[in-house]
1. Report the calculated FRET efficiency for K400 and S729 (r = Cβ-Cβ distance, R0 = 45 Å), to the nearest 0.05.
2. So the label point goes 7 Å from the Cα of A336 along Cα→C-beta, right? Which residues of segment 259-283 then have their backbone N under 20 Å from it?
3. How would you rank 1011-1023, 543-555, highest first, on the average number of other Cβ atoms within 10 Å across their residues?
4. Tell me which residues come under 5 Å, amide H to amide H, from G823 once H is placed; ignore anything under 5 positions away on its chain.
5. Considering all alpha-carbon pairs of segment 891-1052, what whole percent are spaced by more than 29 angstrom?
6. Where the accessible area of segment 386-456 is counted over protein heavy atoms with a 1.4 Å probe, how much of it, in %, is carbon and sulfur?
7. How far apart, in nm, are the 7 Å Cα→Cβ label points at A771 and S904?
8. Over what distance in Å are the Cα centres of segment 884-915 and segment 726-766 separated?
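The values are calculated or read from the model by the stated rules, or taken from the named source; none is laboratory data. Quantities reported herein were computed from a predicted structural model and do not represent experimental measurements. Here the Cβ positions follow ideal geometry from the backbone for every residue, glycine too, while neighbour counts run over all protein chains shown. Quick note on the areas: whole protein, heavy atoms, side chains included, nothing else; ligands and nucleic acids left out. Shrake-Rupley method; radii C 1.70, N 1.55, O 1.52, S 1.80 Å.
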Amino acid sequence: MPIRLTAVIELSTLSHAPRIIATRVRTQTVRAASAMPGKRKKDKTGDATLHSEATNPKRRSRRIKDRYTTIMHDNVPTGTQAILDRRPTSPSQSSRETWKPKADMQYAMRHLKEMESELQSVVKRQQLAVETSSLDCATESTTEGERLPRDPDHYVLDEDEHKDPDPLQQAPLDRHDAELAQGDVVVLRDGDADAAERGARRAPPVNTELTPIQACLNTYLRASNPPVFSSRTCRLSSIIDHRYPLEHPKQPEHPTKNRPDKSQEPDKELGLKFVRDLGLANARDTVKMLRWNDKYGIKFMRLSSDMFPFASHEEHGYKLEPFAAKLLAQVGKVAAELGHRLTTHPGQFTQLGSPRKEVISAAIRDLEYHAEMLSLLRLPDQMDRDAVMILHMGGTYGDKAATLDRFRETYKTLSAGVKRRLVLENDDVSWCVHDLLPICEELNIPLVLDFHHHNIIFDPSIREGTLDIIDLFERILSTWSRKGIRPKMHYSEQTPSAITPRERRKHSARVRTLPPCPPDMDLMIEAKDKEQAVFELMRTFKLPGWDLFNDIVPYERDDESREAAKKARPKRKKSTKGAAGKKGVAKDQDNDDDEIEVPERIVSEEDFGMGGPERRVFWPEGMEEWLRPRKREIQKVATEDIAPDTTLFTIPRKAIINVLTSDLPKKLPSVFTPEGGRVDGGDDDEPRQNSWSYLILVMVYEFLRGEGSSWKPYFDVLPQAFDTPMFWSKDELTELQASPLLGKVGKEEAEGMFRANILPVIRQNPELFAASAEKTDGELVELAHRMGSTIMAYAFDLENEDEQNNEDDEEWVEDREGESMLGMVPMADILNADAEFNAHVNHGDDALTVTALRTIRAGEEILNYYGPLPNSELLRRYGYVTPKHSRYDVVELPWEIVEASLTSELAVPAETLGKIRAGIEESDVLEDSFILERETPEPNPDGTFAAGSPTFTAPLDESLVAQLKDFCKAIKKVNPDLIPDKRKRDGVIEAVLAKSLQALEARYPTDVVEDERLLREGGLGQRRRMAIEVRLGEKKLLREARNFLRGQQDEGSEPSKRAKTS
């Protein structure tokens, strides 16, 4: 179904709707209207979020309509009033709602539909009036070398977060969480029968002639090979290191083979050249990004503040002229030719109201750097005026009035070039629009209205949302017009799962609607998916440029050169000597050209990264991994038949990385103690080390040693990225739906352990952990995350076989008892693993050997075994799933669901059940959850599956049934009529169990059929596919458990029992 007009203009913004509509109609007279796109299905998360934002009950549809009707006459642009006065007084009968909810909802919906019908009529009448009038549209026609003037809604994209600058430039922000404000959100549903027809008949919502965007973090170009981006930066220590000449000055720099030689005399100019070269590379890539933007209808770009790293630093800073003047002038020339607006946004710690003099000095230096960069672009007059620097006020330092006074005094000292470009923006922490607008009017500073920030921090005199804030539009626009600068606004949306103010500050990947925007104002879209979020808006609302791009082919790019790839040739037996053999060889060589599987592709520098001939640059939300080549899945296969018990390879124990082979424990004996890192027994409150943290410390130590470590080649081949849920985004984790895996990701717990156990050891011993002093705490924690995930995926318990435990309750951080020794085993960890396997790792005193359990045929993959793990656990630990491991899938049934089902079945008051629970807990421990799993035979000794399929012979915990019986007995004591005898009790238990399974299955938004369809249709990202396979396995298990229980009820037998709890 086509997009409804209400999806473009929220009802809370209807007071400004006529101005937007009039502008759209004007644009349509120049460009032919296109049909609306087909309906785009929203995901479940999006729907839930949308519906959770309920309409404020204090707002009536009648009040909105009355206000809308008044403003329609008072605020419409001149020339459209007569058209609006002729609008119909009542809606058409075809727009009447057909479904009948409660009377008050029906009344509200009727008036909402009347308002939408009036808007539709206005659009049609305006379009007809303009098309049939003698209006001269010559000023808006496109001629050679001339572009249409900008129309209302311009879009630009922003970085989701600013990088922290050097600590010397950081200001002490007085951060606080604002109270959650209830928004005035009105949601219209497409429930009436003729909604599709009315939506299809309306004019395409063309909001703008040009669609600007910030491209300093363009996702498509950033993923190119080599990457194209304009935010290359470095650490201060790198500038200092590069003051030293390279070990081999005539050779290119290499991170390990050709590094700065600190034994030579340093030269400050060498360090300066290093950081300047980074800036020049950024500027060169900016030209590429400008042309990319223009190709896809994007006309707005924010220059990265990191364009020239540390240019404003007190000690290491530098002027851009003359070394960058020529290149920046080229950037400006291209921007002028293409009609791109350029702006900048200095970092959040550039604050002019700070009480600290050093912060003020750093802020002024930073603003001078940005002003110089913009001035060197040599833009035409109007474009130069529009090239502004957007700044936040910063902290309040406990007194807003005093902060404003300091800002006034500092502003007087700024240069004319900085004052000419400086713009203030309301933020999402301290400063709302009402705080900043008066000082902007006083000092003649333009104000950027950020709608997302406004919805978090706003004056108590108005409400969250766009309805009230538009009353200030005239004053806000005046701050721009007085200086002859084209105004701009910012728009973004919070992530779907955001609740608290801190969470709401995070930008969503893409935005779904547009705010009200005057026709002479640019609108910047701030979203994590950068240019892709704007492409999504183009497609959704058929904005100009929507037909300039197409979907990418997953994992393939047609705009990069590649070498020809030949078909794999099977090994040939050695040919016999002689003429015939020589001729055969010559013939094979002659046919080499015929065995090319993938032809060579040469892409010019101009076409590189530009989307190829088919303009494939758009990737669907959540599919960013499609921009990169598909991960190679390396399979270790037998090249010839291997007999059982054959030793495939042997790994000496001295080649294993652990606490016995590394010299770190000898250098830190106080940490690697039997007491777990607590000297002299220590305090129980002190962090306790275990085998897990020991190995992480060893891994970090050896990794930071670089070439000095014997395991350097091994670290070079270990993965740097992982697909374990710990590294998934929130949106990716929501694909797991109700899976208990969500509660076991444990990233926060892991990070807590790293900061408590790992980080202090590194910080206290910088001489041992090479280069750690140059890294921030965050960088070291990320390194610990990487090493911890590597250990999780590849480490072995290094006990002898007769000492190994039968149960392996490995958990992410501290579930291992710390008694077994962990180690990284090169070679052995290259084998993939599955539920059906053919190889085994044997632990000897001096070495580990890998042997074949049965005959492995040539071409068959060699597979290890990780144990009978469900796919959810396989994904959590190792980052993959397999179809064969689905036989071990499990589901956790929370007791809260069982208790709710019991309350529903017997109509027991919650207060009574609470007293019963408290009484039982006095004498026994209640289980929080229970495991449902199939009876699965153990694998055969040769690694094959045993005969028989996994089945339900006892789907429910014995302890679950026992706990239910205890509650039933207690309920009987309170009210004997509810459970008069044992037969009634068993019937109640069966009914409660059935309801509980049904309630648990209902927590998954999709069903088995839907998930199977998604997997069958394909086109899924790796992580989403694995999430669907995990939740699908759990749903199938629930369905089997319900069917089994239903069969038991038909037979009249007592619920089966199983002793397994969690």
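1. 0.80
2. 283
3. 543-555, 1011-1023
4. F796, L798
5. Within segment 891-1052, distances greater than 29 Å cover 32 percent of Cα pairs.
6. C and S atoms contribute 52 percent here.
7. For A771 paired with S904, the spin-label model returns 5.8 nm.
8. Their Cα centres are 29 Å away from one another.
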